Amino acid sequence: MSNPLRMHIHDDATAALRERIFDYARDRMQLDPPPLDKGMPYAELRALMPDTVTEKGIGGDKAMSLFGDILAPASMSTDHPAMVSFIPVAPTEASILFDLVVSASCIFGGSWLEGAGAVYAENEVLKFLAAEAGLPATAGGVFVSGGTNGNLSALVAARFDAEQRLAAAGQQRPTRWRIVTSDEAHSSVAHVARVMDIDVVKVPVGDTGRMSGPEVDAALGGNWGDVFAVVATGGTTNFGIVDDIASIVATAKEHNVWVHVDGAYGIAGMFAPSTKPHFAGMDGVDSFIVDPHKWLYAPYDSCALIYRNPSIARAAHTQHASYLDVLTDTDEWNPSDFAVHLSRRARGLPLWFSLATHGVGAYREAIESNNTVARDIAQVIRDSEHLELVRDPMLSVVVFRRKGWTQEDYSAWSDDLWESGKAACFPSKFKGEPVLRFAIVNPRTTIDILVELVDSLKVER
Ligand SMILES: *Cc1c(COP(=O)(O)O)cnc(C)c1O
């Protein structure tokens, strides 16, 4: 039998490659800290790299060497303790290890028929997340690839629901649907609106950055007729500000409008005692998302998408095709039916395994310790002559200014740190002014690391 891909040939060569890759993964996981590493221009990479995708192949050993020597160092380690820009990721070893198991297990995570065991375990996590929010036990959903897909899928279900209700009442759908969100909401909300061909009403938020129900109503001028959803943010990416979810739910309910909470980064804050109160009102929402790869210590990529009433999502999202009937004509829980996707990796399993390993309590503590570091560095900033805190942190994002610095000063400072491999802390912008921002989701990001960073801002430029 021809076997050009050498499948299941267990000779010395395959064993050696397998061990080499396990060794690499083991060593990488044990680096403390890992090198920060950084990208490089295309032309430089092109000059360093031979052709790799060739008719004859270059062999696994050679490919692995190129990855280890050139490609990996040209990709930032987002788990470096001084990587504080964007939203870093700091997966537990348990979750990384289990990600390898998920790959080796060849599980189709789209249907109960094919993936019952995996889907059962994923659903245990979703059930736990829903319960933490205070949703009823009938709530449920699915892990999708990221917050963008999660927001899209939730809003598609919300619009479907609104249209079903209009149809049932014998009414026409509006010519243009609208959603409402804060003007500090994540860019994915506007993108999803473009994809869905709907309009977005942006609610201006004041100095606090927190959108409330009355502000939503005011932005609409009381005209809710063509609105099918309010998207609240459970922790803005830029500031970690949690909208006033309870008042948004109260206002939206008066108009029978769906409330979705985009908590891709911040809903993890619901697990820590000190930040839990910010999430009052979550028990009244219709859907929410949270990305385990942001602040729940899991590897890329996953987003937990949860619906109060999953049957609406199922009706909105189930794909019908004759070859799928055996999968979809059942009452079983088919993850494919709850979002814009079909084939899927059981990408909730790394979080499941890590939660099962460490217990929820350890997660609460880890998230709380990130909050504590954020509050401590905010106090250091308040106490520093050369610095100014832009807003009090609600979660684990801290935004501040270096008094007297121009955009060029910030960039020069950040480039130096980046070039030296010490830290990734890029200037951001708020209301057109340059600011600095620490996003703290890594237990290895200690207060000492951050104090060193803010001290290095004392220099005059
Ligand atoms: C990161 C983020 C998203 C997008 O999530 P992806 O997983 O990157 O698609 C959406 N909303 C918020 C608030 C985020 O922080």
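At-a-glance table
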| item | result |
| --- | --- |
| Hey, PHE160 modelled with pLDDT of 95 or more and under 21 Å from the mean Cα position of the chain (by Cα) or not | no |
| Wholly enclosed helices (runs of 4 or more DSSP H) of segment 359-461 bearing at least 2 residues more than 26 Å from THR208 (Cα to Cα) and of a type in the set (Asp, Glu) | 407-419, 447-455 |
| Test: residue in segment 128-146 that is surrounded by fewer than 22 Cβ atoms within 10 Å (Cβ to Cβ) and within 16 Å of the ligand (Cβ to nearest atom) | yes |
| Condition met for ILE87 (in a loop (DSSP other than H, G, I, E, B), in contact with a helix residue (DSSP H, G or I) (Cβ under 6 Å, 6 or more places away or on another chain), outside the structural domain of ALA264 (by TED's automatic domain parsing) and of a type in the set (Val, Ile, Thr)) | yes |
| Selection from segment 161-189 of residues that are in contact (Cβ under 8 Å) with a residue 60 or more places away in the chain, away from the ligand (no atom under 16 Å from the Cβ) and more than 14 Å from GLY225 (Cα to Cα) | ASP161, GLN164 |
| GLY213 being within 15 Å of the ligand (Cβ to nearest atom) and at pLDDT 95 or above | no |
| Test: residue in segment 286-307 that is assigned to a helix (DSSP H, G or I), within 12 Å of the ligand (Cβ to nearest atom) and of a type in the set (Val, Ile, Thr) | no |
| Residue match in segment 260-268 (condition: hydrophobic (A, V, I, L, M, F, W, C), on the phi < 0 side of the Ramachandran plot and more than 14 Å from the ligand (Cβ to nearest atom)) | no |
| Filter pass, ARG28 being assigned to a helix (DSSP H, G or I) and either closer than 30 Å to LEU436 by Cβ or touching a His at 6+ places or on another chain (Cβ under 9 Å) (or both) | yes |
| Only one of ALA219, ALA232 that is more than 13 Å from the ligand (Cβ to nearest atom), assigned by TED's automatic domain parsing to the domain that holds THR251 and not acidic (Asp, Glu) | ALA219 |
| Enumeration of residues in segment 429-444 that are closer than 30 Å to TYR363 by Cα and surrounded by fewer than 16 Cβ atoms within 10 Å (Cβ to Cβ) | ARG444 |
| Index of the failed condition, ASP99 passing every other in (1) closer than 28 Å to ASP23 by Cα; (2) under 19 Å from the mean Cα position of the chain (by Cα); (3) free of Cβ contacts under 8 Å to residues at least 40 places away in the same chain | (3) |
| Of all residues making up segment 258-279, the number that are over 20 Å from THR138 (Cα atoms) and not in a helix (DSSP H, G or I) | 8 |
| Matching residues, segment 366-413, being among the polar types (S, T, N, Q) and either buried (at least 19 other Cβ atoms within 10 Å of the Cβ) or assigned by TED's automatic domain parsing to the domain that holds ASN238 (or both) | ASN370, ASN371, SER396 |
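The values are calculated or read from the model by the stated rules, or taken from the named source; none is laboratory data. Only a predicted model underlies this, so the values are computations on that prediction, with no experimental measurement involved. Counting neighbours? That spans all protein chains shown, and the Cβs are built from the backbone with ideal geometry, glycine included.
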